[in-house]
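**Student:** First the structure, which I've put down as structure tokens, then a few questions once you've had a look.
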Amino acid sequence: MRMAPKPIQSFRDDFTYSNSPGAVARFPFPFPEDEYMYSVNIEPHVTPGPEGSVYEHLLDIDEHYLSEMHERDLVLKENPKRCLAMPHMDLACWDMIDRVMHCFSEDYPEHFKLTKAGDQWTWENKLLNINDSFTFGDSSTLPLPPMEYIGRQVQGDFALLDQRDGDLFMDAGIVTCPADWSLAFDAGMGFKEWHGPVPMAHEMGIFDRALKYLCAIPLGRPVRRLNWTLTVNARMDTSPETYPSWGSDRASVTPENVGEKVHLRVELQVLDRMSRSNALMFSIRTYLISLEDLVTNPEWAKRMHRVMKGLPEQLIEYKGLTRFHPLVVDWLAKYDPAN
Amino acid sequence: MSTDSIRVRVSGIEQVSPLIREFTLEAIDGEFLAFSPGSHVVVEMPAEPRPHRNAYSLLSDPRDSGCYRIAVRLQEQSRGGSVYMHESVKVGDELSITPPANLFAPNWNAGKHLLLAGGVGITPFMAYLPELKRRGADFELHYLYRGSSTGAYREQLKAELGEQCFLYDSEAGQRCALGELLADQPRGTHVYICGPEELIAGVREVTEELGWPASHVHFEAFAAPQPGKPFEVELSRSGRTVKVDGETTLLEALEDAEVDVPHLCRGGVCGQCVTRVLSGDIEHRDEFLSAAEREQGDCIMPCVSRASGKRLVIDL
Ligand code: HEM
Ligand code: FES
């Protein structure tokens, strides 16, 4: 089922965000097994994927497009440092503009149109009423710096990694809906450095292997992986910068409101080599589903219970679930026949 | 060749030095992608009994995706692709190439870029130069060649780059004094070398003596695609035997035989395809198994690894 963008809903204050039955059906449930542990879960992102699925296109657009673009605008107004690009990343930003505009206009022609005459490009985004002409590669011809310009038109967070000395450096990005990490803090760091806080995975050799693989990604052969956590309320912006406004949500979970308040937060991460700059584009497309909606699928409900019950203590702690994890397991138990 | 190979037509051939020919390639379907300076493609040539696969640097302007250009030096002593390119490939012929990959990218944080080319090693720098100029970067090109065989593009380069271009024809007795050249560079200079082994070794030796950080010394190290020897695998559970030819991975051969093996990366890192080996010796090519696991010799990653002998028995 193709998702038509719906009117703006909120990811803060009154949290009017909701998933239609179609959005629930295509939710990227991340657990292939009853147990979860970190692994090098990277696979080729071959497009087109199954029709209507979140894997159909390089970058997925769904019914939350307008809501997420509105939320991004709120975050950037509060804190412009959520978007940055070091000067040597200018060409990589233009690569990203190229990739996004080509993919969107081919994959969603009803919403986006790209017209090119040599370096003179015209871009139409009918969803946001944008119609701009500019000279490709010349940042002075855009109304905003290139990263912010394109970042305000794509769902999900983005980082552009510069590849040098067999490492990847977080030298540009737009990050307004992170699962508790900060672009301003990680800017300029290498792959293992920004992954520093992650428990167990370093010792398991996961980052060594993943880095080798990522550095070898050729043009036109994107890869993807899923990551997940739990978020209280349908809050997109769970960043360290705004911790004071959401940290205490964790204490608001009760046995009565678990299903409604606790959301499974899944990140579909796509890595794609940029042609002119050799940078890697890393997109983090975040999907939120309330446990209430999740348990409408009995298979997911059963598996979710088992995964949560067996989750290693270090992961519970790192993901910030300690306060409400037992409530989640108890609430899910009734959906697992083995219980 | 893998499914994402690109069909190209040779639209021009030019002798650019006595031993070097330049080939212009056009995409048969659609458009080429722009590429980054230092990228190479692997060209597959339909030779008998099996295709040649050679990696060549792209030397056209990276921002111009209208065509790709490569230059091939005739290597008489090798059995391989350069002879084929020189003798068999004609204008209008079709070939396959891989999408560009880059193992030799400039570091844009360098204060100065020192390019050292030896012979046909000029090719990646032909793609560097337009981008260095566009970015207004500080650079110098030092180009070593033999007037009677290599030295392609030298007049054009001298004309375009003037003072930033230094030519050394060894046959005219012109030598590049590496020691002095490198000792004179400002801090923050990155050196890039593409050329014969001796040139690379020479620069590495001097830069080490001068205490340059290794991260400031770049040399082209082609990851030539690695075909292997043919072998057979016996599937212990069904008793079937599957043949794996030199151009096919074990994983591909199993897939062709409709044997399901879980896999993700197809590149020897994710660990998904790990398969138990009951007998036979393994040539490990993956990044996944630990040294101890390799030592045990009872597991293989079929997406990249192969038998080192003629036969393997695997637990499938
Ligand atoms: C180059 C692209 C990538 C970027 C920009 C990125 C970025 C991040 C960041 C910022 C974090 C949060 C760390 C913190 O706590 O501050 C994180 C967590 C993590 N990353 Fe990555 N990552 C990338 C690729 C990968 C890959 C390929 C893997 C493959 C195994 C991976 C595995 C993980 C894991 C396991 C965590 C912990 C997540 C959790 O438990 O919630 N990352 N990543
Ligand atoms: S498929 Fe990933 S290691 Fe073989």
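The values are calculated or read from the model by the stated rules, or taken from the named source; none is laboratory data. Everything numeric in this text was worked out from a predicted model, so none of it was measured. All Cβ positions, glycine included, derive from the backbone under ideal geometry; neighbour counts span all protein chains shown. To get the accessible areas, we keep the full protein, side chains included, count just its heavy atoms, and leave off ligands, DNA and RNA. Shrake-Rupley method; radii C 1.70, N 1.55, O 1.52, S 1.80 Å.
**Student:** Just to be sure before I move on: is B:THR249 open to solvent by less than 50 Å² (accessible area, probe 1.4 Å) and in contact with a helix residue (DSSP H, G or I) (Cβ under 8 Å, 6 or more places away or on another chain) in the structure I sent?
**Tutor:** no
**Student:** Shifting gears a bit: Any idea how many residues of the range A:235-283 are closer than 26 Å to A:PHE31 by Cα and hydroxyl-bearing (Ser, Thr, Tyr)?
**Tutor:** 4
**Student:** Any residue that is within 13 Å of another protein chain (Cβ to nearest Cβ) and more than 19 Å from the chain's Cα centre (by Cα) - is there at least one of those in the range A:171-185?
**Tutor:** No: zero hits.
**Student:** Let me ask you something else. For the range A:3-20, give me each residue that is at pLDDT below 95 and either within 18 Å of the chain's Cα centre (by Cα) or not in a loop (DSSP other than H, G, I, E, B) (or both).
**Tutor:** A:MET3, A:PRO5
**Student:** What are the residues in the range B:119-138 that are more than 17 Å from B:GLU155 (Cα to Cα) and either of a type in the set (D, E, K, R) or surrounded by fewer than 23 Cβ atoms within 10 Å (Cβ to Cβ) (or both), if any?
**Tutor:** Hits for the range B:119-138 are B:GLU131, B:LEU132, B:LYS133, B:ARG134, B:ARG135, B:GLY136, B:ALA137, B:ASP138.
**Student:** Which ones in the range B:263-296 are charged (D, E, K, R) and open to solvent by 60 Å² or more (accessible area, probe 1.4 Å)?
**Tutor:** Of everything in the range B:263-296, those that are charged (D, E, K, R) and open to solvent by 60 Å² or more (accessible area, probe 1.4 Å) turn out to be B:ARG266, B:ARG276, B:ASP281, B:GLU283, B:ARG285, B:GLU287, B:GLU293, B:ARG294, B:GLU295.
**Student:** Still on this structure: Kindly check whether there is at least one residue in the range A:195-205 that is within 14 Å of chain B (Cβ to nearest Cβ) and more than 10 Å from ligand 1 (Cβ to nearest atom).
**Tutor:** Yes, that holds for at least one residue.
**Student:** Further question on the same structure: Name the residues in the range A:212-256 that are away from ligand 1 (no atom under 16 Å from the Cβ), surrounded by fewer than 16 Cβ atoms within 10 Å (Cβ to Cβ) and under 21 Å from A:SER290 (Cα atoms), would you?
**Tutor:** A:SER245, A:SER248, A:ALA251, A:SER252, A:THR254, A:PRO255, A:GLU256, listed by residue number.
**Student:** Can you list residue pairs whose Cβ atoms sit under 6 Å apart, with the first residue in the range A:248-272 being within 16 Å of ligand 2 (Cβ to nearest atom) and the second being of a type in the set (A, V, I, L, M, F, W, C)? Count only pairs 6 or more apart in sequence or on different chains.
**Tutor:** Sorted first by the residue in the range A:248-272, then by its partner, the pairs are A:LEU271/A:VAL223; A:LEU271/A:LEU280; A:LEU271/A:PHE282.
**Student:** Sticking with this one: For the range A:137-152: of the residues being within 14 Å of chain B (Cβ to nearest Cβ) and not hydroxyl-bearing (Ser, Thr, Tyr), which is least open to solvent (accessible area, probe 1.4 Å)?
**Tutor:** Out of the qualifying residues, it is A:GLY137.
**Student:** Considering the range A:100-138 alone, what residues qualify as being in contact with a helix residue (DSSP H, G or I) (Cβ under 9 Å, 6 or more places away or on another chain), aromatic (Phe, Trp, Tyr) and touching a residue at least 40 places away in the same chain (Cβ under 8 Å)?
**Tutor:** If the condition is that a residue be in contact with a helix residue (DSSP H, G or I) (Cβ under 9 Å, 6 or more places away or on another chain), aromatic (Phe, Trp, Tyr) and touching a residue at least 40 places away in the same chain (Cβ under 8 Å), then A:PHE136 is the only one that fits.
**Student:** Moving on. When only residues in the range A:41-54 that are out of contact with any Leu (no Cβ under 8 Å at 6 or more places or on another chain) and farther than 14 Å from A:ASP272 by Cα count, which is nearest to ligand 1 (Cβ to nearest atom)?
**Tutor:** Out of the qualifying residues, it is A:GLY49.
**Student:** For the range B:223-239, state whether one or more residues are modelled with pLDDT under 95 and touching a helix residue (DSSP H, G or I) at 6+ places or on another chain (Cβ under 7 Å).
**Tutor:** No.
**Student:** Here's something else I'd like to know. Any idea which of (1) surrounded by fewer than 18 Cβ atoms within 10 Å (Cβ to Cβ); (2) within 30 Å of A:VAL46 (Cβ to Cβ) is the one B:PRO213 doesn't satisfy?
**Tutor:** Only one criterion is unmet by B:PRO213, namely (2).
**Student:** Also, I was wondering about something else. Here is a check on your reading of the model: is B:SER65 out of contact with any Ser or Thr (no Cβ under 6 Å at 6 or more places or on another chain), among the small types (Gly, Ala, Ser) and over 23 Å from B:TYR143 (Cβ atoms)?
**Tutor:** Yes: the conditions hold for B:SER65.
**Student:** Additional query: Is it the case that B:GLU255 is more than 16 Å from ligand 2 (Cβ to nearest atom) and either surrounded by fewer than 21 Cβ atoms within 10 Å (Cβ to Cβ) or aromatic (Phe, Trp, Tyr) (or both)?
**Tutor:** Spelling it out, it is not the case that B:GLU255 is more than 16 Å from ligand 2 (Cβ to nearest atom) and either surrounded by fewer than 21 Cβ atoms within 10 Å (Cβ to Cβ) or aromatic (Phe, Trp, Tyr) (or both).
**Student:** Turning to a different aspect of this structure: Using the structure shown, decide if B:CYS299 is modelled with pLDDT of 90 or more, within 24 Å of the chain's Cα centre (by Cα), more than 16 Å from ligand 1 (Cβ to nearest atom) and crowded, with 16+ Cβ neighbours inside 10 Å.
**Tutor:** So B:CYS299 does not fit the description; no.
**Student:** I would also like to ask the following. For the range A:159-176, enumerate the residues that are more than 8 Å from ligand 1 (Cβ to nearest atom) and without any contact (Cβ under 8 Å) to a residue 40 or more places away in the chain.
**Tutor:** A:ARG164, A:ASP165, A:PHE169
**Student:** Go through the range A:41-96 and count every residue that is within 16 Å of ligand 2 (Cβ to nearest atom) and in contact with a Cys (Cβ under 9 Å, 6 or more places away or on another chain).
**Tutor:** Residues that pass the stated criteria total 4.
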